[in-house]
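What follows is a set of notes on a single structure, which appears directly below.
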Amino acid sequence: MTETPYVPPKVWTWDKESGGQFASINRPIAGPTHDKELPVGKHPFQLYSLATPNGVKVTVMFEELLAAGHSGAEYDAWLIKIDGNQFGSGFVGVNPNSKIPALMDRSGPTPIRIFESGAILVHLAEKFGAFLPTSGQARAETLSWLFWQMGSAPFLGGGFGHFYAYAPTKIEYAINRYAMEVKRQLDVLDRRLADNEYLAGKEYTIADMAVWPWYGALAKGLVYGAGEFLSVHDYKNVQRWTDQIAKRPAVKRGRMVNRISGDPASQLHERHDASDFETKTQDKIAPAM
């Protein structure tokens, strides 16, 4: 049998679920679906997130700031599951785009909301004067690679990841199209890292914190079950950079925060104190939420 080619209608209408793993939460409209206030903890920063790659960027940044001695960067990390909780009125009030992560900076007299992971990284870097050079080529490189990630990752996640791992049917054209683009991106990174220890040059910056959760995980075959398919082992410089960052103690901690999958010892559903890493991982407390 041959399928009838799809002919787009003159006007698209939402008349059925899109299919795939996330069909039940996809919709073509914004705004809240229910009233739900967000909790507020004791620290200057209130983070509402989940340990997806975008969420990991911010928790790594917080842990790196604290490791560097910036005690004012203490934070509460609240879990927002992507199961409809992102459409609660409180969360939409912080992020009208209903995506994690979202941050409330309560360190000053008037709370400030920041959404989009890149904006959060820049906000924190400028607030604490850390992990973002203040001028010159180093600053330009940091911001260029930060925004490279913002523009590139949708092709990896929403493009390749969706069609390779989550779509209800395998479409050769779509998988090939996005596999080609993802391999091109890995080559871009590999070439940059051939002559540079980190993405912005000699110094570890928010550019590395933004790119690593996506492409570091991809380089180790940890996302979409696609490591062999994409021959990730071929990108030797990306592998070196990935391993180097993964060894950082703050990165190890940041990866644990708001994590709800994997080894229970690696899951810290909420983080409210540095001691939580030792006492409140899922292997030490009640069954998973």
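Probing with 1.4 Å while keeping every protein chain in the model, the per residue accessible area of the range 33-87 equals 36 Å². For the Cα trace of the range 125-164, dividing Rg by the Kirkwood Rh returns an Rg/Rh value of 1.21.
Labels on offer are [x] 166; [y] 120; [z] 138, and the one holding volume of the Cα convex hull per residue in Å³ computed from this structure is [x].
Measuring with a 1.4 angstrom probe and ignoring ligands and nucleic acids, Arg253 comes out at about 70 Å² accessible.
Where the only charges are on Cβ atoms (+1 Lys, Arg; -1 Asp, Glu), what is the dipole of the chain about its Cα centre, to the nearest 20 debye?
Values: 31 positive and 31 negative charges, 29 e Å.
Charge dipole of the chain: 140 debye, to the nearest 20.
With all projection directions averaged, the alpha carbon convex hull of the range 80-192 covers 9.5 nm².
When Rg and Dmax are taken over the Cα atoms of the range 196-240, they come to 11.2, 32 Å. Using the Cβ of Asn237 as centre and a radius below 12 Å, the other residues enclosed give a net charge of -2, where K and R count +1 and D and E count -1. The modelled label-to-label distance for the pair Phe229/Ser144, using points 7 Å beyond Cα in the direction of Cβ, is 3.2 nm. On full extension, the segment bounded by Glu3 and Asp273 gains 91.6 nm, given 0.36 nm per residue less the C-alpha separation.
A simple spin-label model places pseudo-atoms 7 Å from Cα toward Cβ; at Glu181 and Ile25 they are separated by 2.2 nm. Counting DSSP beta bridges in the chain, what percent are antiparallel, to the nearest 5? Among the beta bridges of the chain, antiparallel pairing accounts for roughly 60 percent. Simple spin-label estimate for Ile112 and Glu126 gives 0.7 nm between the two label positions (7 Å along the Cα-to-Cβ direction from each Cα). Karplus-based coupling profile of the range 64-81, in residue order and whole Hz: 5, 4, 5, 5, 7, x, 8, 5, x, 8, 4, 9, 9, 10, 9, 7, 10, 6, with θ = phi - 60° in 6.51 cos²θ - 1.76 cosθ + 1.60 and x standing for Gly or Pro.
Compactness check for the range 7-88: Cα Rg over 2.2 N^0.38 Å is 1.54.
The values are calculated or read from the model by the stated rules, or taken from the named source; none is laboratory data. Just so you know, these numbers come straight off a predicted model, no measurement behind them. Cβ atoms come from the backbone with ideal geometry, glycine included; neighbour counts cover every protein chain shown. The protein model used for the area step is the full one, side chains on, heavy atoms only, and it has no ligands, DNA or RNA in it. Shrake-Rupley method; radii C 1.70, N 1.55, O 1.52, S 1.80 Å.
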